[in-house]
Structure formats: structure tokens, C-alpha cells
Amino acid sequence: MKIDEKNAIINLMVAYNTNFSMQNEAKIYDIKKEFLINFTVDVTKKPKYVLQLLKTAYYEKNASDVEYCLALMDLFNLVSNDYSLIFIKLLAVDWHTSHENIVNNLQKLKLPETIDCLYSTALKPLDYLEYDESFSLAVKCIWALGEINNQKAKEKLELLTKSSNKVIKNNALIQLENIRVDTM
């Protein structure tokens, strides 16, 4: 990712976060509009450009570029099934700290091909989350599995109910119950 692209994304994120907290939708619209005018590519018209940037960040093991791409995807609602393979690859590595954001995006997509990586990520110890006693990454994975709601996802949730970790076990039980109630 070019330095001017990084700077543009950082400025966008700062401006967006500042104005989002003030609930200033008109200002947010203007911020996004100006970004699209000044960025290398209009990402709303060429969303695969962000996908390419994300792939490059993965191959270069550039954690900050992964975060920048995810921010663009969120701010401009660019998440699509096209991202599933790179998301799966990014969940399998530990050199970045964006696992939760990636799982959030996979939950939106509800793709059966992500079940195995969501299951393994739910159980994966990551050094940067060692302090997290709420196991938020695991919980997000469990909820994403619940959203997929097919037989294989249910089987993975059943396996998670056998976890010695009470948070993981209880959230898997909740998801299975939600699925049961939804199918009644």
C-alpha cells in the first residue's frame, strides 16, 4: 500500500471516528465523499482494489495494512463473498491483531466454507488476546457459526459445548438453543 493511501485512510478513520461519536451523519457523508475524491481509486466503484490491497498485506505480512483495509471495508460496506478466502488465510496466522474484525465480517457473510476456520479460530490461543477473560474472539466465532446454521456448523457447536472453557461452552450451548428455537 502506498504511503499516501495509508495517510488518506488514517485521516479518514480519525475524521470518521471523531464525527461518528457526535452522530454527525452529514459530516460523515462529506468525509467519505472527500476521501473517494482523493484516494487512488474510488473503492465504491472498484471494491476489488481493496481486496487486492488486503491480499498484498497478507503476503507482505503487514498488520497495519490489514487493519487499514478492514477499516475501508467497514466504512464503505465493501464486504462480499470475494473476501472469504483471504479472510480464512488471515485467521490462520498470528502476525496481526485483526482476527475479531475478520470474524465480524465472516458473520455477515454466513458462508459454509468458513465453518472449519471459525471453529479452529474459536479454540486458537493468540498471545495478544491472552488477557481477554471474556474470550471475545471465541464468542464471535461461535455466534458466526450460529449464523451459518447448517448441519456442519451445528456439529462444530456441539464440539464446542465439550470445551473445558466455560465461556466457550456456554456460548455454544446458547447458539445451539437459538438454532433449536429458530427451527420450531
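Before moving on, here are some points about what is shown:
- Kirkwood-based Rg to Rh ratio, segment 87-184, C-alpha trace: 0.95
- The length gained by stretching the chain between E34 and E158 to full extension, at 0.36 nm per residue less their Cα-Cα distance, is 39.8 nm.
- Estimated distance in nm for a label pair at S80 and D4, the labels positioned 7 Å out from Cα along Cα-to-Cβ: 2.6 nm
- Phi to ³J(HN,Hα) by Karplus 6.51 cos²θ - 1.76 cosθ + 1.60 over segment 52-57, Hz, x for Gly, Pro: 5, 4, 5, 4, 4, 4
- For segment 1-78, the fraction of alpha-carbon pairs in successive 5 Å shells from zero, as %: 3, 16, 28, 27, 15, 8, 3, 0
- Across segment 145-155, coupling constants 3J(HN,Hα) worked out from phi with the 6.51/-1.76/1.60 Karplus curve, θ = phi - 60°, read 4, x, 5, 5, 6, 10, 4, 5, 4, 4, 4 Hz, and Gly and Pro carry x.
- Altogether, the Stokes-Einstein calculation at 37 °C and 0.692 mPa s, with the Kirkwood radius of the chain over Cα pairs as Rh, returns a diffusion coefficient of 186 µm²/s.
- The residues neighbouring N104, those whose beta-carbon lies less than 15 Å from its own, together hold a net charge of -1 under the Lys/Arg +1, Asp/Glu -1 convention.
- Cβ-based net charge around T121, under 15 Å, with every Lys or Arg adding one and every Asp or Glu removing one: -3
- Those chymotrypsin sites (Phe, Trp or Tyr not before Pro) in segment 123-184 that DSSP places in a loop and that have at most 10 other beta carbons within 10 Å: Y131
None of the figures in this text is laboratory data; all of them are computed from the coordinates on show. Quick caveat: nothing in here was measured; it's all calculated off a predicted structure. Heads up, the Cβs are rebuilt from the backbone with ideal geometry, glycines too, and the neighbour counts pull from every protein chain shown.
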